[in-house]
């Protein structure tokens, strides 16, 4: 089944309102306050929508997140049943320090169609649309980039890989350098980092490395609409995470997930810029109006657009 296209505008409004709320705290050196502002605005807007929504990717458990926690019910209980994945402020450090790349992100799918990911890390790899079996998490890095270069009819040295700048990635980064591959290092925001593979204009051929599990599910929604390749594997290295995974029905702790196992059926994805980046302009406020730019996808309608619009600031 397809999600009614009327929800595109409503979910777009949700991410816009969260971005606006957080924008007032950009550069204030308080990432917690900036995140809470986005959470509050997003929750308020979601509860206006005709739906029976449940958060499957949220800000944590009930004890850790008073709003938008995993399992929270949202909407006015008058419409279809949706799974909801949210990251009200992706890139909290970016917002706190007025750096590029802070966004507000949300995805919805029909009930049961979004993977309920535990709050743990996952190993990820993403590219644009490719032939099946060409790129795999279990292949050596050199094999993946060689296969990708052949498929794209490029030299390996002309490829660009995006990866989080973390100590845990030192071995991968060193190998990328040895292979003479261009490297785009990002300090935070691995949702946006993975989305660079969706369009050649961003000049990123492959995204890889270890990042947040919940962010991986959010990313999958957009990548699915673009027909991209994405694989991931959760990393369980403590008893707490293993118990949480078991509660969610995850018994194979070493399972490699394909894109169609992370998100099924139709979905809507929105990412609104809070501070400007290569992909999205940040929130601009002039008098009683604000302008936002949002990447919006609706899989069933093959809708993939970056929408810039100006709204009145509600009193």
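Is at least one residue of segment 50-70 outside any strand (DSSP E or B), assigned by TED's automatic domain parsing to the domain that holds residue 13 and more than 29 Å from residue 233 (Cα to Cα)? Looking through segment 50-70, at least one residue is outside any strand (DSSP E or B), assigned by TED's automatic domain parsing to the domain that holds residue 13 and more than 29 Å from residue 233 (Cα to Cα). For segment 122-138, the tally of residues that are closer than 19 Å to residue 234 by Cβ and surrounded by fewer than 18 Cβ atoms within 10 Å (Cβ to Cβ) stands at 4.
Residue 286 passes every criterion in (1) touching a strand residue (DSSP E or B) at 6+ places or on another chain (Cβ under 7 Å); (2) in the same structural domain as residue 39 (by TED's automatic domain parsing) apart from (1).
One line per residue, one yes/no per condition, for (1) modelled with pLDDT of 95 or more; (2) more than 26 Å from residue 247 (Cα to Cα); (3) touching a strand residue (DSSP E or B) at 6+ places or on another chain (Cβ under 6 Å):
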residue: 38; (1), (2), (3): yes, yes, yes
residue: 57; (1), (2), (3): no, no, yes
residue: 65; (1), (2), (3): no, no, no
residue: 69; (1), (2), (3): no, no, no
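Only a single criterion out of (1) out of contact with any strand residue (DSSP E or B) (no Cβ under 6 Å at 6 or more places or on another chain); (2) over 21 Å from residue 222 (Cβ atoms) is not satisfied by residue 129, namely (2).
Scanning segment 13-27 for residues that are surrounded by fewer than 21 Cβ atoms within 10 Å (Cβ to Cβ) and in a helix (DSSP H, G or I) gives a single hit, 13.
Once segment 194-218 is narrowed to residues that are in a strand (DSSP E or B) and within 15 Å of the chain's Cα centre (by Cα), the residue that is surrounded by the fewest Cβ atoms within 10 Å (Cβ to Cβ) is 210. Taken over segment 32-47, residues that are assigned to a helix (DSSP H, G or I) and surrounded by fewer than 19 Cβ atoms within 10 Å (Cβ to Cβ) amount to 4.
The values are calculated or read from the model by the stated rules, or taken from the named source; none is laboratory data. Note that the coordinates shown come from a computational prediction; the quantities given were computed from them, not determined experimentally. Virtual Cβ from ideal backbone geometry, glycine too; neighbours counted across all protein chains shown.
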